[in-house]
Amino acid sequence: MSTQRSFNVEIPDVTYWQRQVKCQWGCPVHTDARGYVIAIAEGRYEEAYAIARGPNPFASICGRVCGAPCEMECRRGSIDDPVTIRALKRFVTERYGAEAGDPRATLRHSTARRDPLNPKAGTRVAVVGSGVAGMTAAHDLALLGYQVTVFEAGRVAGGMLMTGVPTYRLPRDLVQAEINAILGLGVQLRLNTRIGEHVTLQELRRDGFAAILIAAGLQRGRDLRIKGSDLHGVVHGIDFLKTLNSGGNITLGDSVVVIGGGNVAFDVARSAVRIGGVFRAESQDFYEAADASRQALRHGAKHVHLVCLESRDEMPADEIEITEGEEEGVIVHPSRGPLEIVGSNGHVTGLATRKVLSVFDAQGRFAPVYADEPGEVIPASTVMLSIGQTVDPGFTAGESALELTPGGIIKIDPTTKATTIPGIFACGDVAEGARLFIHAVASAQRAVVSIDEYLREGSLHEVRTGTFTMPAPSHTMRDAYLQIERSDPPALNPQGRASSDALVEKCFDPGVAGEQGSRCLKCHINTIFNGDACILCAGCVDVCPTYCLALVPLSQIVREPRLELALVERYGADAEGLAAGAGPEALRTLGSAMLKDEELCVRCGFCAKRCPTGAITMEHFTCAHQLSIETR
């Protein structure tokens, strides 16, 4: 006896339609990636930049080093490969971004909230840390009219953008240009000022700062507690990058082993390929010292190994990082765990490893299982640890009420970013752990909302309104758009780039950018059904190339409260009562439903073209956000 198939359905609302634009929904700041990708495909470059810059004060930087969660969500990735969203962002930022001219000109594109009538305008707010989170907060607070002072412990603003990301991935003058744009809003910057040492949080409050935001990042590398970890020649990878990028002393030797499998570990390994030997920068100017350091001893370490617990397929680093690292000579040892750092006379001589059988348990929790027998010993003059970062708690001096979590980061309310001290907030990695730069932007933006609410003694309200409009002209997709393959940006020759700090990745040319942009499936365009006009011919089901449509009787739909209400509204009948009284067959004869699997739809529009009654239309969805603050 056959069993009738049942379908779980979802009735669309505004959130449902927003979720269909998967790249935008997956972006922590909800950048309309679809919007600028399509604009690039159509040659509307300046408009594309305006869309990319709108919610993100670091659009140019994200065009180069963002982890691109938008690409992870891209619907095109379920067909073949996601659209090259990040590289397309760089394509337009090079033309209109902070690097293209006057950085302050980019501010006009910001969609951050402004309030010329803010009664608290001019109130002083302190921001601790000038990295992505801190400067994003400064940007948004300044646009609201607050008087912002950023305190930075180092000699230059930018945090890890300046001292942690290698120059072959991110030019320092670009970072400075993005920061200059924010400083152009009147933000004050105090360098060489370490909170907890030069000034305390209590002193900042006594000095008249009505609110404080801690965005200090994760400045220390995590330790690895194995035998030999105290030997000379064991260093933290993040300290190596900071030293390299600030022009300090660098001592590596001929053979380097990096422990770790993430993007930072590959930054460390690829930097070790480029820089070797010993160099001392005498210049006191940050930029001169950093430039001199990077020019020193271009031969790099002779052998650079990277040891990671994960298998090649499980490694957390981006595929492009792994591939380019291997091209440059990094020797990757997947599924290997550190057993012991071996040495002689107090100095590192190698790393003893062991085979990893598995990294995660059945529940997906980190629980490495090792083989019993020891593995190989990799000779090394330097072992660099790149297994994560942690907080430097110096800024908490004298603030016993400022609680930390068991993991060592600042304890906050996950929504408001408020700490355990009223008026002090925290955001970014220092409060939420190591994440992508774009997550730091989003965290800072939410913290600004809370600071604004705190200072005004009010609450912010958001109203979202969804609107559908017909395309003009009628919806069409580029010919053979599903056959266009993904192209990654071109890169320098591996042999040449391994001895240089020149940017590895090049920019798309206009022709390639337009072609890559046309791979977008235009997920904001949705199939809208008019049940009153439908004659149940199923022509749309027959013509669909991906079989994303199904016409089924109501008896096959799993009912839930919202659906029950919809059925009453549509048919004037209580479906549950009808089924209980007359049986399932009554629902079968009551009506049918057109179901759509959004994951399969490629927006080809064949269903709308085939429909003989015009019951199906392809319509653009837009969502408007209206923000208002109500004081108590």
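Taken together, the values in this text are just the output of simple stated rules run on the coordinates, not laboratory data. Keep in mind it's a predicted model, so treat the numbers as computed, not measured. Here the Cβ positions follow ideal geometry from the backbone for every residue, glycine too, while neighbour counts run over all protein chains shown.
Ordered by the number of other Cβ atoms lying within 10 Å of each residue's own Cβ, fewest first, MET135, MET315, MET477 fall into the sequence MET477, MET315, MET135.
Counting only Cβ charges, +1 for Lys and Arg and -1 for Asp and Glu, the dipole size of the chain around its Cα centre is about 700 debye. Bridging of LYS596 to lysines at a Cα separation below 23 Å is possible for LYS22, LYS522, LYS609, once same-chain residues fewer than 8 apart are set aside. Semi-axes of the equivalent ellipsoid for segment 173-240, computed as √(5λ) from the eigenvalues of its C-alpha gyration tensor and ordered from largest down, come to 34, 20, 10 Å.
Normalised size of segment 1-95, defined as Cα radius of gyration per 2.2 N^0.38 Å with N residues, equals 1.33. Its relative contact order, with pairs defined as Cα atoms under 8 Å and 6+ residues apart, puts the chain at 16 percent. Per-residue Cβ neighbour counts within 10 Å put ARG64, ARG559, ARG172 in the sequence ARG559, ARG172, ARG64, beginning with the fewest. Cross-link partners for LYS227 among the aspartates and glutamates, with Cα-Cα distance under 12 Å and sequence neighbours closer than 8 places in the same chain left out: GLU340. Convex hull volume per residue, computed on the Cα atoms of segment 456-554, equals 320 Å³.
Its Cα gyration tensor gives segment 525-631 an equivalent ellipsoid, and the semi-axes of that ellipsoid, as √(5λ) in whole Å with the largest first, are 27, 24, 12. When the helices in the chain are scored as -39500 (n - 2.57) per DSSP H run of 4 or longer and the sum is shared across all residues, what 222 nm value do you end up with, to the nearest 500 deg cm²/dmol? One gets -8500 deg cm²/dmol as the mean residue ellipticity at 222 nm. The Cα-based radius of gyration of segment 1-47, divided by its Kirkwood radius, gives an Rg/Rh of 1.31. Sorting VAL356, VAL199, VAL165 from the fewest to the most surrounding beta carbons within 10 angstrom yields VAL199, VAL356, VAL165. Across all directions, the average projected area of the convex hull around the alpha carbons of the chain is 34.7 nm². Sorted into 10 angstrom bins from 0, the C-alpha pair distances of segment 305-459 split as 9, 25, 26, 22, 14, 4, 0 percent. Full extension of the chain segment joining GLU327 with SER628 gains 103.1 nm, where the gain is 0.36 nm per residue of separation less the Cα-Cα distance.
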